[in-house]
Structure formats: C-alpha cells, structure tokens
Amino acid sequence: MKGRSVERPTPSRGKPWRGRLFLWEGRALYAGHAYDTSEHAHNAVQVCIARTDPFRLRAGIEARWCHQEAAIIASNQVHQIDGCGNELVLIYVDPQSSAGRALDDVAVEEGSVGSAATEMVAALRPQLERLVEPVTTAEEATELSGRLLDALLPSGDPRSGRPAQDPRIRRALAVIADIPDRKTTLPVLAARVGLSPSRFAHLFKEHAAMPLHRYLLWLRLQDALRALSGGGTLTEAAHAAGFADSAHLSRTFRTMFGIAPSTLAAGSEFFAA
C-alpha cells in the first residue's frame, strides 16, 4: 500500500536512538528504537521496516509526510525519517553490490519511497514479520539481513539490468579499499587505472552515483563507526577515520544520516565484523 499523507509530526530529534548497529562489508543493520532525523542523503540503498507501529517518512523538503510500514530508499535520495520512538529495522546496502543494485533499481524505477517500491515491501509484511525478531549478535544480524534481502529480491529478479560496472572503476574501488585512511586524490586514482582525471571523474560519478570526495567521506564514516564499535571515543573515532576532529566527523555524519553520531552512540551498541 502507498503511504498515507500526514501533517508534519512533532519532532523527536535529539533523543538517543536505543538499539544495536551491526556493520560488515557492504552492509549495515540497525535494529531498535528510532526518532526524527533531519533531511539527509547517503550512498547506501536503505530498507526500512517497522517492527511495531508505522514510522513517518518523506522524500525531499517539499514532500508531505507519510505513514509507512516499510520502504525502500534509493541511493543518494534526500529523505527524512521520524521513527516516533518505535522499533525499526534499517538495512543499509552498498549500491555497487548485486543486492544493492537490484534494490536501487526498484527504488529508482518507482520514484523511491512513494509507490510500487513501497508496495512491494508492504506485500511481504506477513513474511517479514516472521523474520524480524530481536537481534542480539552479529551472526544473527548477518543471517537476518540476508533473509530479508532474499525475501525482497528472489533469485532471478529481473530488475538488475543496469550496465555492468566499468572494470577501471572496479580497480579504483579496490585500490581505495586498501587505503586505511582513505587519503587519496582523483589524479592519483586516475593514473592508477590509466584514465585522464576528467574521464575518471565522469566514470566514477556515473558508476558510484556521487563524486569521489563524497564517496571517500562515506567510507570514512564507516571507518568511524567501526572505531566506535571497538569502544573508541568520538574524538578517537574521528582521528582513526581521517577526520580533523570530532566536530568534522559530527557534521559529516549528520549530513549523511540526519543525526549526530553522539545521538546514536549515547544509547546504542555497535558491532563490526
């Protein structure tokens, strides 16, 4: 079903999110109580599922708020969520993975959060409700996310017909993955894969759906979350991930996730593979 339009909810922003965040290669899963975010956009394709009562969602500053039980949010889609303190399962998937590409295609084809993409998820609610149980370990999170994505994207799903990724961009992504602090430049990467800087910039944005500098920030945020999962402070996490300080980390985190990292860290546990 499509989301029901509602008026602007009373913000619940700033309240600590209470749950568990699991991180592993190409994927993350948050299970717990969620509140209001500011408008934001991130590289991941996001699947949102209400465990109990619906959440509120809108895509873009001019959009109306809608009640949703489930939604797929396309990569780099500006959106805002108000979990109203209810329990949600939020899955973030790398859009360059096979599952991420297929999910992103579904969301893009259907206008992101507004129509059949949401209907597809909502139609699976009975099955999803049986799958979505309280998650307490990384192993359970891995199994849960895999089962949910399998339910959303059955074998042979036809919606992954996007052109194959350019092998030179795949090589560049592999190079970036091996750089611990993510500190590299466009000319350096272009030279590594045999492209001019301008051609590399064009191809990278075409395949990653964002400029190189924003992609590097996205990876640094993941690095910071892994540092937090190891018990580090925000300042330690910022330095470990190549940010100048905790303020720089917080600004970037809020831009991409709509909340401050301290809001998440105050009431949630972090687990990294």
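We did not get these values from a lab; they are worked out from the coordinates using the rules stated. Everything quoted here is computed from the prediction, not taken from an experiment. All Cβ positions, even for glycine, are placed from backbone atoms using ideal geometry, and neighbour counts span all protein chains on display.
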Check: When the Karplus curve 6.51 cos²θ - 1.76 cosθ + 1.60 is applied with θ = phi - 60°, which whole-Hz ³J(HN,Hα) does each residue of region 17-27 get, with x for Gly and Pro?
Finding: 6, 10, x, 10, 10, 10, 10, 8, 4, x, 7
Notebook entry, point to check: Going by how many other Cβ atoms sit within 10 Å of their own, how do TRP17, TRP65, TRP24 line up, fewest first?
Noted result: TRP24, TRP65, TRP17
Next item on the list: Can you list which of the trypsin sites (Lys or Arg not before Pro) found in region 175-273 are DSSP loop residues with at most 13 other C-beta atoms within 10 Å?
Entry: LYS183
Notebook entry, point to check: Among GLU69, GLU25, GLU62, which comes first, then next, by fewest other beta-carbon atoms within 10 Å?
Noted result: GLU62, GLU25, GLU69
Notebook entry, point to check: Any idea how far apart ASP245 and GLU140 come out in nm if each label point goes 7 Å out from Cα toward Cβ?
Noted result: 4.0
Notebook entry, point to check: Amide H to amide H under 5 Å from ARG18: which residues, 5+ apart in sequence or cross-chain, H placed 1.01 Å off N in plane?
Noted result: HIS33
Note to self: Testing the spin-label approximation: label points 7 Å from Cα along Cα→Cβ at THR52 and VAL188. State their distance in nm.
What the structure shows: 4.8
Checklist line | For region 204-214, 3J(HN,Hα) per residue [Karplus equation, 6.51 cos²θ - 1.76 cosθ + 1.60, θ = phi - 60°, Hz, x = Gly/Pro] | finding: 5, 5, 5, 8, 9, 6, 6, x, 4, 5, 6
Item checked: Karplus-derived HN-Hα couplings along region 54-67 (A = 6.51, B = -1.76, C = 1.60, θ = phi - 60°), whole Hz, x at Gly and Pro -> x, 10, 10, 8, 8, 10, x, 5, 8, 6, 7, 6, 10, 6
Notebook entry, point to check: Fewest to most neighbouring Cβ within 10 Å: what's the order for ASP104, ASP36?
Noted result: ASP36, ASP104
